[in-house]
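Working notes, beginning with the structure itself.
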Amino acid sequence: MGTPPSENIKPFCCPACPSRFTRQENLNRHTASVHRKSNRRPFPCPQCDVSFSRSDLRKRHIRKCHPQQAEAQQSQPSETNPPDQISSGQENLQSLSSNQVISGGALELHPPPAPGAGAVSVPALDIFSPENISWLFRLPQFITAFFERFYSTFPAIHRPTFDVAAAKEPLLQAIACIGALYHSPGGNHSISLALFEAGLESLDKCVREDRSRFREIWVTQAYILFAYFALYSCRDDKFSTAMRIHRKMVDAAREYQLLQDGVLSGNCGSGTSPGQGDGFLPSLSSPEQAWQRFIDNESRKRTVYCLYYLDAQFSVCCNIRPLLTALEVKYELPCRDDVWSAPSAAAWSMLVQAPEFSFNEEDDVDANGEPRPAHGDLYETLMHLMNPDPTAHPLGLLWYSSFAALMLVIQIQMMIRELTLASTFLYNNVRFNETRHSLSIITEANRAPIMQALNNLAELMPKPDSTTWPIVAGNDPTINAALWHPVWMAWHYTAISLTHHDALLTSGIVEYSLPTAISTAWELGKPRAKAHRDIYEDRDVMRLVDNLESIIKILTTPPLGPISRDSTGVANGALCIEDPFVTMLGFKACMMGWRLVRLMVLGLEQPLPYGSEYLNLRLSTIYTVSAQVVLAKVMEALSVGGGGRTSGSEKYQFHDGYHNELGATSTTEAKYLEWTERTFAMRGVWPLGDWVVAVFNEK
């Protein structure tokens, strides 16, 4: 079927009405004059169906067509504009008015000349002016970019049933606000900033008029996205806004008991998980009704977990005391990813009705059928004391539950932070007025069960870098290696923090913006002189290098989004879509690794005995050998992201790092720092990576 001639003559179509135009500027003018909120005719006539754009035009109409109504209004005070209401549908995307744009700066990075200084404000463009209103046509692209590149960070919105036409305006603005970052990375993000300001103002007004709207789950989802944008925009003025939003959400969650399962869904706290609770079984209702009930309950559950996750990010990034504890979140773990992303009620029913798999279900008819000898009452009594409920259902494989695994790791991370603070006062590892203390503040007795929990969790999670990963993933598009990228980064960082604690945490310094937190983490984390250096035990070194090696490999293989194209069709290349919180964890881990690399280099830079250069003698000790092993593991991990590994006699040679002057920077350390700077320069979507690079360049 051919294209109508009118479309060839007028190729520019309005996204809000059937109008078409021959030139882009005519379309912009039409959109600005017809589809702006100020021209949506918000003043209806009370006597007929006619509406007007201004109140004086309505008054003139009433005097002319409804004189009796005009006489009745003469004795009354003049009207005020009707209050705006939260609407839904495609018209929401054209309802942003110019009076909602603040006079602040665009979300554009300008690193400060001194550490800790705030971002420099740049006059923002009036994105609602006729000259710049063409961004409205990219709103569907912003929403698509959100779901393709960011959604896995906070998977609380049910993507298969998400309807733009039915979504509330503030939620759409929150989605588009973040999606615009991924659509145009590294550019002038005034669109994201304007969407943030307009959407947050609209959402605040909504809850001010009726605070009980916090019970509607979309309100919390929109607030979480706005707080996330404000936190990682790296703007000092937006960080305080992020804290205000987060405090408001936590207070509302406690006020309306949103942290407990069943309050909103009517389950009275049953806490049943998908596929196990009677409320989700399709046999008790139609599949569509059961699926919709599951979506509602799981959305609430995941939204609460996202709130807990965001609270942990404030704490880990800036050492702000958490507002939530894991004990307050009284929900089952999030369901499996494949169940959550089921595209239809039929597909969901098949997944939830499938029997749970266990290696112990199948019988062996050819095996020994005789029972084991009885252990006796003493053994059974002891087992009962150690495990009061031995029949409890154990935690199964988490191969398809990346979000649940991430929440478990974050819970362990927050427990370690609390234990670190308590250990500072309970034990003598940190003494008053002493400049040196043990690297690990947590005692071995307390460390062992936590590390065991991490190891038990790791045994249930898939490893995307293993040779068996294609078998696990198969052809299922919901099983993506990118989903496990933040999980394993958080796991290895948590394991490191058991030995090498966060410098902000142990020093008691709280920062009120990400740029200052990055700068302070640099100052506290860089290598120190021996008089002020922590005491590394041998086991500390081995524990650190194993997890550091894994973190380096994770950072060198970040998740990449699909290749994007600009308006002219030119490909922009694959985009690094790493979660900025993962980037912050990587930066902290790399600072810990820098101390380790410097310590190993110092051990190899000790001056050789006099005359040994003539006899070609080298004094090898167990510590010089172990230092070479540690540096070899680090260099091997660095080479993974640098185009492959070396081989033969050129592999991991550190002779160029030996110097006769103590304290000279070795080639190995220089390579490590160069790799670190280059790696974080790849993170170009959020300003966080640029701030890390700015600190490296300045220091």
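The values are calculated or read from the model by the stated rules, or taken from the named source; none is laboratory data. Note that this is a predicted model, so its numbers are computed, not measured. In this analysis, Cβ positions are derived from the backbone assuming ideal geometry, glycine residues included, and neighbour counts consider all displayed protein chains. Areas reflect the complete protein model, heavy atoms only, side chains present, ligands, DNA and RNA absent. Shrake-Rupley method; radii C 1.70, N 1.55, O 1.52, S 1.80 Å.
Please list, in chain and number order, the residues 5+ apart from SER438 or on another chain whose amide H is under 5 Å from its amide H, with Hs placed from the backbone.
Under 5 Å from the amide H of SER438: ILE535.
Amide H to amide H, which residues 5 or more places from PHE43 or on other chains are under 5 Å from it, using H placed in the peptide plane?
Counting only residues 5 or more places away or on other chains, the set is PHE52.
Beta carbons within 10 angstrom, averaged per residue: use that to sort the peptides 343-352, 226-235, highest first.
Ranking, from highest mean packing down: 226-235, 343-352.
Rounded to the nearest 10 Å², what accessible area does THR467 show when all protein chains are kept and the probe is 1.4 Å?
Here the accessible area works out near 130 Å².
Sort 214-223, 577-586 by packing, meaning the average of other beta carbons within 10 Å per residue, with the highest value first.
The most tightly packed comes first, giving 577-586, 214-223.
What's the extension gain from SER286 to GLN47 if we count 0.36 nm per residue and subtract their Cα-Cα distance?
Contour length minus Cα-Cα distance gives 81.5 nm.
Distances over 11 Å make up what percent of all Cα-Cα pairs in the stretch 496-536?
Pairs farther apart than 11 Å: 70 percent.
Leaving out ligands and nucleic acids, and using a 1.4 Å probe, what accessible area per residue does the stretch 282-324 come to in Å²?
Ligands and nucleic acids excluded, the figure is 31 Å² per residue.
Under a plain spin-label model, where a point goes 7 Å from the Cα along Cα-to-Cβ, how far apart in nm are VAL472 and THR161?
Inter-label distance under the simple model: 3.0 nm.
State, to one decimal in nm, how far the label point of GLU216 lies from the label point of ALA326, with both points 7 Å from Cα in the Cβ direction.
3.5 nm
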